[in-house]
Amino acid sequence: MYAQLVETGLSKVQAAAEMTAEELEFQARIDADIKIEPKDWMPEAYRRTLIRQIQQHAHSEIVGMLPEGNWITRAPSLQRKAILMAKVQDEAGHGLYLYCAAETLGVSRDQMIADLHAGKVKYSSIFNYPTLTWADIGTIGWLVDGAAIMNQIPLCRCSFGPYARAMVRVCKEESFHQRQGFDIMLTLCRGTAEQKALAQDALNRWWWPSLMMFGPSDAASVHSAQSARWKIKLLSNDELRQRFVDQTAPQAAFLGLRIPDDRLAFDEATGHYAFGEIDWDEFHEVIKGHGPCNRDRMRTRTQAWEDGAWVREAATAHAQKRAAREAREAA
Amino acid sequence: MSEWPLWEVFIRSQHGLAHKHVGSLHAPDAEMAIKNARDVYTRRNEGISIWVARSADIHATSPGDRAALFEPANDKVYRHPTFFPMPDEVKHI
């Protein structure tokens with residue numbers, strides 16, 4: 001998902017017999033659906049896992065602005081341009097809500113940004129694919145934001161208060177993103193044959209990477225099992241992916257587009273869509289930094305941070321000068 | 001350079017409710033904190049008034065004091081009007 005392969009630092013799920021009194025009390029609060037707040041006692045592994053998860057999520061929002069920002073100057077109308085700018089601005093906002101939530105756990109903003117730029121912390125694999133045509137912007141809103149909603153709605157109920165509250169804000173805004181994407185696709189699919197071909201081409205390229213967003217099956221993952229116990233992961237990767245396919249396949253049919261999977265078929269017996277094998281080698285290559293755009297994304301982010309340094313310094317100097325002047329005048 | 005200080009943001013919505021904590025952000029001073037809060041927290045008419053306060057200036061109860069502070073209210077149910085049953089015949093009370 002936006003946070004993929006989040007490690008807990010543990011080698012097995014902790015059993016009740018191994019827990020200290022504090023840990024038992026902590027788990028009891030989680031089991032009773034009482035939110036954990038920043039100043040409450042929490043196991044170190046819970047704190048560290050959440051920092052990793054929220055941070056990855058935040059970085060994904062920020063890096064996720066790049067593929068879409070690529071089309072702001074080339075949006076096909078003034079209204080589409082204004083809408084895309086509003087969407088990209090929302091993504092910045094989502095990143096900021098999440099950074100704030102992570103900071104309540106005792107990690108600094110500068111540290112998180114340094115870790116991203118040093119490649120120590122990942123962001124979602126999906127943002128390492130290029131946006132080649134305007135139809136890619138429609139597809140991202142429809143599929144990528146659609147997949148994000150799938151993951152984020154359950155997270156509104158997660159055990160950590162600041163993360164849950166940030167997710168509530170994000171979810172309120174995310175639905176606009178998905179609809180604006182679908183609206184672009186609808187317009188293209190109702191347009192000329194050439195426009196419809198653009199839409200199909202974008203779907204062909206984004207479908208499999210979108211399914212990869214949910215991460216490999218985690219049915220046997222110790223980390224996912226522990227995160228589930230802590231209620232910072234509410235549904236398994238496979239459950240979320242199945243929901244996504246079930247929801248999206250009829251939407252593609254409505255658009256008159258073909259999902260690029262010969263094995264995709266509705267299974268009457270299960271009530272779900274069956275689908276083909278995902279190329280996990282590709283996923284792992286992208287995660288390791290060898291996707292189509294990894295280096296370009298990191299270069300652009302780092303450059304933006306460095307280019308903004310003088311603004312941050314000037315604003316600090318201005319604030320200090322003004323505070324000093326006010327202190328002098330008050331004396 | 002060390003990062004900008006952290007500010008807590010409070011927004012009052014249109015319907016006469018009190019300012020409510022919505023999150024935090026970094027800014028060099030109060031003026032910039034308010035400008036940033038407008039962009040980060042009120043993109044969809046969420047509010048008509050913004051307060052910002054330096055996070056370092058906020059003093060809070062600690063979770064360990066929860067019992068001492070809040071449990072005394074538990075056995076004072078007579079503070080709620082429903083503690084006093086009223087006869088059905090008695091109206092407007």
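The values are calculated or read from the model by the stated rules, or taken from the named source; none is laboratory data. None of these values were measured; they are calculated from a predicted model. Using ideal geometry, Cβ is built from the backbone for each residue, glycine included, and neighbour counts are taken over all protein chains shown. Heads up: the accessible areas ignore ligands, DNA and RNA and are worked out on the full protein's heavy atoms, side chains in. Shrake-Rupley method; radii C 1.70, N 1.55, O 1.52, S 1.80 Å.
So, residue A:262, is that one of a type in the set (D, E, K, R), free of Cβ contacts under 8 Å to residues at least 24 places away in the same chain and either open to solvent by less than 30 Å² (accessible area, probe 1.4 Å) or in a loop (DSSP other than H, G, I, E, B) (or both) or not?
yes
Given (1) at pLDDT 95 or above; (2) buried (at least 17 other Cβ atoms within 10 Å of the Cβ), identify the lone condition not met by residue A:287.
(1) is the only condition that residue A:287 fails.
So, residue A:10, is that one away from chain B (no Cβ under 14 Å), open to solvent by 40 Å² or more (accessible area, probe 1.4 Å), touching a residue at least 40 places away in the same chain (Cβ under 8 Å) and not small (Gly, Ala, Ser) or not?
In short, yes.
Mind checking which residues of segment A:295-323 are open to solvent by 90 Å² or more (accessible area, probe 1.4 Å), of a type in the set (Lys, Arg) and either over 19 Å from residue B:31 (Cα atoms) or more than 12 Å from chain B (Cβ to nearest Cβ) (or both)?
A:295, A:299
Does segment A:219-226 contain any residue that is part of a loop (DSSP other than H, G, I, E, B) and within 14 Å of another protein chain (Cβ to nearest Cβ)?
No, segment A:219-226 contains no residue that is part of a loop (DSSP other than H, G, I, E, B) and within 14 Å of another protein chain (Cβ to nearest Cβ).
Just one of (1) within 14 Å of chain B (Cβ to nearest Cβ); (2) open to solvent by 10 Å² or more (accessible area, probe 1.4 Å); (3) of a type in the set (A, V, I, L, M, F, W, C) trips up residue A:164, so point out which.
(2)
Across segment B:1-22, what is the number of residues that are under 13 Å from residue A:109 (Cβ atoms), within 9 Å of chain A (Cβ to nearest Cβ) and assigned to a strand (DSSP E or B)?
Total meeting the criteria: 1.
From the list B:29, B:39, B:75, which one is farther than 23 Å from residue A:166 by Cβ and within 11 Å of another protein chain (Cβ to nearest Cβ)?
Among B:29, B:39, B:75, only B:29 is farther than 23 Å from residue A:166 by Cβ and within 11 Å of another protein chain (Cβ to nearest Cβ).
Scanning segment A:172-188 for residues that are over 18 Å from residue A:75 (Cβ atoms) and surrounded by 15 or more Cβ atoms within 10 Å (Cβ to Cβ), which turns out nearest to the other protein chains (Cβ to nearest Cβ)?
A:173
Tell me yes or no: at least one residue of segment B:58-73 is open to solvent by 60 Å² or more (accessible area, probe 1.4 Å), in contact with a strand residue (DSSP E or B) (Cβ under 7 Å, 6 or more places away or on another chain) and either under 23 Å from residue A:41 (Cα atoms) or outside any helix (DSSP H, G or I) (or both).
Yes: one or more hits.
Given the options A:64, A:93, name the one that is crowded, with 16+ Cβ neighbours inside 10 Å and within 14 Å of chain B (Cβ to nearest Cβ).
A:93
Residues in segment A:234-253: is at least one surrounded by 14 or more Cβ atoms within 10 Å (Cβ to Cβ), in contact with a Phe, Trp or Tyr (Cβ under 7 Å, 6 or more places away or on another chain) and in a loop (DSSP other than H, G, I, E, B)?
no
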